[in-house]
Amino acid sequence: MSDTAESFHGHAHHAAPAPEGVAVRHDWSLAEVKALYQLPLLDLVHKAQTVHRQVFVENKVQLCSLLSIKTGGCPEDCAYCPQAARYKTGVKAEKLMAVPEVLAAASQARQAGATRFCMGAAWREVKDGPQFDSVLEMVKGVRALGMEACATLGMLTDSQAKRLREAGLSAYNHNLDTSPEHYGDIISTRTYDDRLKTLNRVRDAGISVCCGGIIGMGESVDDRCNLLRTLANQEVHPESVPINALVPVEGTPLADQHRVETVDMVRTIATARLLMPQAMVRLSAGRMQMNEEAQLLCMMAGANSLFFGEKLLTTGNPEYTQDMALLEKAGIRPLEPRQDR
C-alpha cells in the first residue's frame, strides 16, 4: 500500500501527495519528536500550519458524528472510561441499537453536514453472531447514505476485519491511548501488542486506520511524544489521528486528574501534524471544555477534523449550532459530503 491518502478506502478528503519539502517519515526518534514538541509554541504552530497548508490546500474541516450504538457494560478496566462495568459512573449497560434507529441518526448527521459517521460499541472484542451481523448492516446503510462509515468495536479477528471491509467500512478506530511505557498504568485487561495486532488486521483488510490517543492521564512529556512516535513510525501512517483530552468522569480512577491545558493540546496536535502530514488530525474528546479561541488555535496547529453535535460517546460535546456558528465566524468551510458514495 502506498503512503498517499489516495490509497485509503472511502476517504472523504484526499490529501495531496506530499509536496517537495514535506517529509513523510517512519523512523522518528524520541529525541527528534521531543525537540519538535518543545519548540517555542508560536514557532511550533507556524511550522505545523505551514506543512498543513502545503498538504491540505483547500484547508477545509471534516465534520464527524459519533454514535454509541452499544453503551456501557464493558468488561475492561480502562482507567479513563465511564463505560467500564466495574466503575460506578452512572452509565447503564444498554443493548445494541436497532439498525433502523442507527441509520436514522446517520441520516440526520448527514443533513447536518457530517461526512463521516462513527459507530462505537462498548465491547472488548467483536463476537461473531447476530450482533455483528447487525453492525455489518449498519455499515452498509451508512455508506448508502453517501457517508464514510467508521466503527470502533474493540479487537477484531482477520475474518471479522475482512467482513467489515466487504460491507464497505471506510475506517476502523482503535486508539493506542498512550505510550507503551505508561500504558500499564491505565489498562491491564488488554495489552499494547493486542492493539497493534488489531491495527495490522484492519490495515491488511484494506480498511483505513483511525488511531490516536488521550492526553491528561498523568503521563509525562516523554509519554506523549512516544505515543506520537509510535503512531508515526507505523509502516503506513493512520488516515485519521484523533487527539483526545481526558474528560475526568466521577467514579473512574482518573476522576481527579487536572484538566488538560490548551497549550498542551495545541502542542500535541501540532506535533502530530508535523509527524503525519497527510493524516486527518481530529480534535476529539475534551473540546467542550475549550473556549472558541482554544479550538481555533488547535485548528491553526493542524486539526482539520472535528466531532460535532450533541454527544461524543458518553461525554458532552458542544452543541451543533455552536459548532457551526464558530466555523462561520472564523470563515472555515466544512468539507462537503461526497455525492458518489
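Observations on the structure shown:
- Straight-distance crosslink candidates among lysines, where the alpha carbon sits under 24 Å from residue 92 and sequence neighbours closer than 8 are dropped: 70, 127, 311
- Debye-sum result for region 72-230 in log10 I(q)/I(0), which assumes one identical scatterer on each alpha carbon, at q = 0.13 Å⁻¹: -0.66
- The portion of the accessible surface of the chain made up by carbon and sulfur, rounded to a whole percent, is 51 (1.4 Å probe; DNA, RNA and ligands excluded).
- Value at 222 nm in deg cm²/dmol, rounded to 500, when DSSP H runs of n ≥ 4 in the chain each add -39,500 (n - 2.57): -11000 deg cm²/dmol
- Total charge dipole magnitude, the chain, about the Cα centre, Cβ charges on Lys, Arg, Asp, Glu only, Debye to nearest 20: 560
- Accessible-area value, residue 162, 1.4 Å probe, nucleic acids and ligands omitted, Å²: 120
- Computed label-point distance, nm, for sites residue 23 and residue 124 using a 7 Å Cα→Cβ extension: 4.2
- Scoring 80-88, 169-177, 143-151, 188-196 by mean Cβ neighbours within 10 Å over their residues and listing the highest first yields 169-177, 143-151, 80-88, 188-196.
- Fully extending the segment from residue 256 to residue 155, taken as 0.36 nm per residue of separation minus the present Cα-Cα distance, adds 33.5 nm.
- Order of exposure, largest accessible area first, which applies to 155, 324, 288 with probe 1.4 Å: 288, 324, 155
- Unpartnered cysteines - no second Cys beta carbon under 4.7 Å - across the chain: 64, 74, 210, 211, 225, 298
- Each of 258, 182 has its accessible area taken with a 1.4 Å probe; listed largest first, they run 258, 182.
- Debye intensity ratio I(q)/I(0), log10, the chain, q values 0.15 Å⁻¹ (C-alpha model): -1.36
- Summed over the residues of the chain and divided among them, the accessible surface reaches 41 Å² per residue at a probe radius of 1.4 Å.
- Beta bridges per DSSP with both ends in the chain, % antiparallel, nearest 5: 5
The values are calculated or read from the model by the stated rules, or taken from the named source; none is laboratory data. Since the model is a prediction, treat every value here as computed from it, not as a measurement. Quick reminder, even Gly has a Cβ in these numbers, built from the backbone with ideal geometry, and neighbours come from all protein chains shown. For accessibility, only protein heavy atoms count, side chains too; no ligands or nucleic acids. Shrake-Rupley method; radii C 1.70, N 1.55, O 1.52, S 1.80 Å.
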